Amino acid sequence: MDVNEIEAVRIFYEGNRRELYTYALNITRCGAAAEDALHATFYSLLRRGSLPRDLRPYVYRALRNTAISVLRRNGRALAEDASIYAPATDGDAFDRLARREEAESLLRSLPDDERECIVLKLLNGLTFNEIAALRRVSINTAASWYRRGLARLRAAEKEPE
Amino acid sequence: MMDDLERRLSAPPLAEPGAALDHRMAQLFSSAVPRPRAFWHRPVALWQCLAACMLSLLAGWVVNQAWPERKPAPRVVEQILVFTDDTMSLQAGFGEMRGPELRGTEWAVPGNRAGHRTDGV
């Protein structure tokens, strides 16, 4: 990898660090493990001979594989259940905290595939095409995970009433 | 079009990675050594390997067709067959027939073209 390619990777990381961290966190549910996965992914990327043709799908796929490896390796040791949302600040703490916890608990109630699809689509801004390529499924499957997940969330919202 | 639920899910700001990760990543990028692009270091796809093999085979076939193998000339048997009945004399050597200068009763006697034996007998 030459200097320009290393710089391109650095710019990509700077622009997507939150989204990538959130995605890793969604898989590992542990802040330290997500950070390890993110670091290991970029370490491997920089050791490659050349830049992949499409950086974004490559990084997401590599990060997913690394996060799953970290999860398998550490297993039960990853007890922390970190949130994918930022903690509420002092300003409008009550409102933000309530919305954050509501969104968090709704997402946690979903099966893994549906939650991952919603996180990728809504929080990371990936298209169904990119999600399908990342998960190696058809676009229809990715779209149906998303729709089914949202339907479950709506049903879960209505349940207490 | 986003509905209300989608908007609520995507509204809260995402979690921020810790300062330790930023420090590690900054170190990682600063210590990344640019490597000169080398052909043998870049990942080569399987189809590229197979294509290279097929091209090599094709090139070998073309070369083989263009320059056919030169076979050595067949060895000529330096041997004279002598028939010495009085009616006909035959000398077989280089496929030629010789006249009555060769006489004898032996088959496949080693000798020279003049009909003299060379095996010391």
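The values are calculated or read from the model by the stated rules, or taken from the named source; none is laboratory data. Computed from a prediction, not measured in an experiment: that's the story for all the values here. All accessible areas refer to the heavy atoms of the entire protein, side chains included, with ligands and DNA or RNA removed. Shrake-Rupley method; radii C 1.70, N 1.55, O 1.52, S 1.80 Å.
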Across A:Arg64, A:Arg73, A:Arg53, the residue with the highest GNM fluctuation in chain A (Cα network, 10 Å cutoff) is A:Arg53
Descending accessible area (1.4 Å probe), largest on the left, turns B:Cys49, A:Cys117 into B:Cys49, A:Cys117
Probe 1.4 Å, all chains present, heavy atoms only: B:Val62 accessible area in Å², nearest 10, is 70 Å²
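From largest accessible area down, sort B:Trp61, A:Trp145; use a 1.4 Å probe on the protein chains.
B:Trp61, A:Trp145
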Of every hundred units of 1.4 Å-probe accessible area on segment A:1-79, the number belonging to carbon and sulfur atoms, as a percent, is 46 percent
Non-local residues with an amide H under 5 Å from the amide H of A:Tyr85, with H modelled 1.01 Å from N and Pro and chain starts lacking one, are B:Ala15
Note on segment A:14-43: residues buried by at least 30 Å² of accessible area once partner chains are added (vs chain on its own, 1.4 Å probe) come out as A:Arg17, A:Arg18, A:Tyr21, A:Glu35, A:His39
When A and B pair up, the total accessible heavy-atom area removed from solvent (1.4 Å probe), in Å² to nearest 100, is 3300 Å²
